[in-house]
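Working notes, structure below.
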Amino acid sequence: MAALRWLTPRKRSATARSVLAGEAAAEAALAAPAQEKDDRAGAPAFPVVGDPHAAAFFDLDNTVMQGAAIFHFGRGLYKRKFFQSRDLARFAWQQAYFRIAGSEDPEHMQEVRESALTIIKGHRVEELMSIGEEIYDEYMADKIWPGTRALAQAHLDAGQRVWLVTAAPVETATIIARRLGLTGALGTVAEHVDGVYTGRLVGEPLHGPSKAEAVKALAGAEGLELSRCAAYSDSSNDIPMLSLVGHPYAINPDTRLRKYAREKGWRLRDYRTGRKAAKIGIPAAAGVGAVAGGAAAAMALQRRRR
């Protein structure tokens, strides 16, 4: 932290928040119960095999999962009457925006997270964890990209640890990691006192530079050598994290990341189908009309039930 004194006050504050968020995410990840080791044999397809100093780090939204985990989580909370119809409409629009943009706009994502923090304030952590398990089955399980899931499993079969690294709440990320059989998850840490959410974050959302700080903190605690590790993401916002490791991969990349990856000679993989999807970053036949139409139908059905 000593180097921070050479930065301007504004940059120093932002950097300090990133470091705090990263360290909090690493601490939360290491405190979570360990996953059982998967002893299944397989033919590893990666350059670093059976190396105790190697691991793989996967972004979640649009890399492992179609869309954003926090939006799917919001749908589940609405079903359980955590908020009102107008909030559902906002979540539907935000999800449509995310799918069309194919990347994360910081201000847009900040608005979403602030809404989520307001919704969970006063609720118990154990309550949200229990609900999160149900929501995964209802809305998330069928949104996992099979291709990315296979990449993660190949790392596991090669004897490597695999971590999710996401701006989603660490509780949600931990559930997803456990369901996929991964080692664990680094996610945004929401403050809680005596098991009750306060409505504030520890540091800032685990986004951009904060992800890199979290990976560095975890690597230090786990004895990993980043030059032997791999990282995967769809977003140019994750270039700091991708640049840390020796084996970066662009998965379903946005336009900026695709260009950057080509310039750097990074590997690219795209599991979306159709030329349109490749250009704008959404699954084929899943444009804003489909998303908005589905939201409108849900709203209409809700009105009929009143």
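Bear in mind these aren't lab numbers, they're just calculated from the coordinates by the rules spelled out. Predicted, not measured: the structure shown is a model, and the values here were computed from it. Reconstructed Cβ throughout: ideal geometry from the backbone, glycine too, with neighbour counts over all protein chains shown.
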What order do you get for 74-82, 262-270 when each peptide is scored by the mean count of other beta carbon atoms within 10 Å, highest first? 74-82, 262-270
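Just list whichever of K143/K259; K211/K259; K79/K121 have alpha carbons separated by over 23 Å in the model shown. The partial results should precede the final answer.
Working: K143/K259 26 Å; K211/K259 21 Å; K79/K121 18 Å.
Table pairs above 23 Å Cα-Cα are K143/K259.
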Pairwise centroid distance, computed over Cα atoms, of the range 157-192 with the range 215-256, Å: 15
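Which ordering of H155, H247, H72 is given by a fewest-first count of other beta-carbon atoms within 10 Å?
H247, H72, H155
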